[in-house]
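Notes follow the structure.
The values are calculated or read from the model by the stated rules, or taken from the named source; none is laboratory data. Because the structure is predicted, anything quoted here is derived from the model rather than measured. Every residue, glycine as well, gets a Cβ built from its backbone with ideal geometry; the counts of neighbours run over all protein chains shown.
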Amino acid sequence: MGGSRNDKWNEKNAEMAEALRLKGDVQAGQEDYKAYCEACHLPNGRGNPHGSIPQLAGQHPAVVIKQLADIRSGLRSNPKMYPFAMKLRDAQALESVAAYLATLGVPRDSGKYEGPNAAKLIAAGKVLYNRECVQCHQSNGDGAAEKFYPVLAGQHYRYLLQQMVDIRDGRRRNSHPDMVRVIAKYDDAQLVAIAAYQATLVTQQRQWTVQPGFCKETANRIRACSSALARNKVARLCSSYRTVRVIRGLGMLRVWPRRQQGTLPNKGRQGPSRRNWRP
Ligand code: HEC
Ligand code: HEC
């Protein structure tokens, strides 16, 4: 069983420390990703819904860097990926590929629990998750970049389950000791429930954040759209900050991810083009 304090959580890793100090070159990261990663993790970073390959799109760069550095140093064993991880030239290349992955939207349609009693299991998993996992992974599965807590939202159910079993049973050795301690007491059925719930989480990263100028920008975009209905809505609603919540409430913002096949750009990136948007 896991839970030993010997887990080499965040063991001092010079390469990781260096990568974290550098600034990522998204373009170079994209090239490396195409050359060495996308054959398995797929061009959009979304891995495999069966859970053998994790989804990486929108993951915190610090998390990607830590996992890559751990895999390269052998701290996290990953024989399938190891030779490809070693193709990355140096710490700069680690940072760049992580920066590139962060520009991709977290998917919504990752692998879910599809066995019997889904609703009951998900409800049970939610109780357990909110009891002992939420303080690190956050209620919507956002994690925390500065602490290396991964984004769990958008990850495939089967991958989540496998990782939790591996962490519990000591096969994934690079995990936070507090998490190892917490997870040690769960049996397989409980982990299934937690993973089923986690696979339903929707990260903030998929939602548009309220920023100055947001409303104006949105209004311009919608005005440019051909629908008279949308124009009227914006004229009526787009007078205050609350608009964003109203628009969100109307479900208009939720339309976007579907138009973009389940992905939405991370905050700060440009919104969807008018072609993609319909009220
Ligand atoms: C041969 C297939 C393969 C290739 C190529 C590959 N990976 Fe992976 N990767 C995997 C597998 C399988 C895992 C999960 C292993 C496990 O179960 O622990 C993984 C895990 C990861 C993780 C950890 C994710 C997490 O949530 O903990 C990161 C980050 C990652 N890969 C990045 C990359 C990058 C960057 C490249 C290119 C340099 C790459 N991978 C190339 C198969 C691959
Ligand atoms: C003390 C903070 C903390 C707590 C509490 C915690 N975790 Fe984690 N969790 C982490 C960190 C840090 C990682 C990344 C581990 C690593 O570096 O390999 C992680 C990784 C994971 C992963 C693998 C994600 C991936 O992409 O590979 C899963 C799944 C997970 N945690 C689930 C849980 C569950 C379920 C609980 C509650 C029972 C929990 N965690 C409690 C910090 C925590």
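Among residues of segment 72-83 that are farther than 20 Å from Gly47 by Cβ, those with a Cβ under 8 angstrom from a residue that is more than 8 Å from ligand 1 (Cβ to nearest atom) and of a type in the set (Lys, Arg), sequence gap 6+ or separate chain, pair up as Leu75/Lys8; Leu75/Arg173.
Which members of segment 136-146 meet the condition of being in a helix (DSSP H, G or I) and either modelled with pLDDT of 95 or more or within 15 Å of ligand 1 (Cβ to nearest atom) (or both)?
Those that are in a helix (DSSP H, G or I) and either modelled with pLDDT of 95 or more or within 15 Å of ligand 1 (Cβ to nearest atom) (or both): Cys136, His137, Ala145.
For first residues located in segment 91-113 and among the polar types (S, T, N, Q), partners that are within 14 Å of ligand 2 (Cβ to nearest atom) and lie 6+ apart or on another chain with Cβ distances below 6 Å form the pairs Ser110/Gln55; Ser110/Gly154; Ser110/His156.
Could you check, for segment 159-171, whether at least one of its residues is in a helix (DSSP H, G or I) and more than 12 Å from ligand 1 (Cβ to nearest atom)? Checked segment 159-171: at least one residue is in a helix (DSSP H, G or I) and more than 12 Å from ligand 1 (Cβ to nearest atom). For segment 99-135, a residue qualifies if it is under 30 Å from Gln30 (Cα atoms), within 16 Å of ligand 1 (Cβ to nearest atom) and in a loop (DSSP other than H, G, I, E, B), and the qualifying residues are Thr103, Leu104, Val106, Pro107, Ser110, Gly111.
In this structure, does Arg21 turn out to be surrounded by fewer than 16 Cβ atoms within 10 Å (Cβ to Cβ), closer than 22 Å to Phe148 by Cβ and of a type in the set (D, E, K, R)?
When the stated conditions are applied, Arg21 passes them.
Does segment 54-71 contain any residue that is modelled with pLDDT under 95, exposed (fewer than 15 other Cβ atoms within 10 Å of the Cβ) and either touching a Ser or Thr at 6+ places or on another chain (Cβ under 6 Å) or closer than 24 Å to Gly170 by Cβ (or both)? No: segment 54-71 contains no residue that is modelled with pLDDT under 95, exposed (fewer than 15 other Cβ atoms within 10 Å of the Cβ) and either touching a Ser or Thr at 6+ places or on another chain (Cβ under 6 Å) or closer than 24 Å to Gly170 by Cβ (or both). Look at (1) over 16 Å from the mean Cα position of the chain (by Cα); (2) near ligand 1 (Cβ under 8 Å from one of its atoms) and you find that Pro54 fails only one, number (1). Is it true that some residue in segment 194-203 is touching a Ser or Thr at 6+ places or on another chain (Cβ under 8 Å), closer than 22 Å to Asn48 by Cα and not in a loop (DSSP other than H, G, I, E, B)? No; the residues of segment 194-203 include none that is touching a Ser or Thr at 6+ places or on another chain (Cβ under 8 Å), closer than 22 Å to Asn48 by Cα and not in a loop (DSSP other than H, G, I, E, B). For segment 27-44, the set of residues classified as surrounded by 17 or more Cβ atoms within 10 Å (Cβ to Cβ) and either at pLDDT below 95 or more than 9 Å from ligand 1 (Cβ to nearest atom) (or both) consists of Ala28, Gln30, listed by residue number.
Filtering segment 158-167 for residues that are more than 10 Å from ligand 2 (Cβ to nearest atom), over 30 Å from Gly74 (Cβ atoms) and surrounded by fewer than 22 Cβ atoms within 10 Å (Cβ to Cβ) leaves an empty set.
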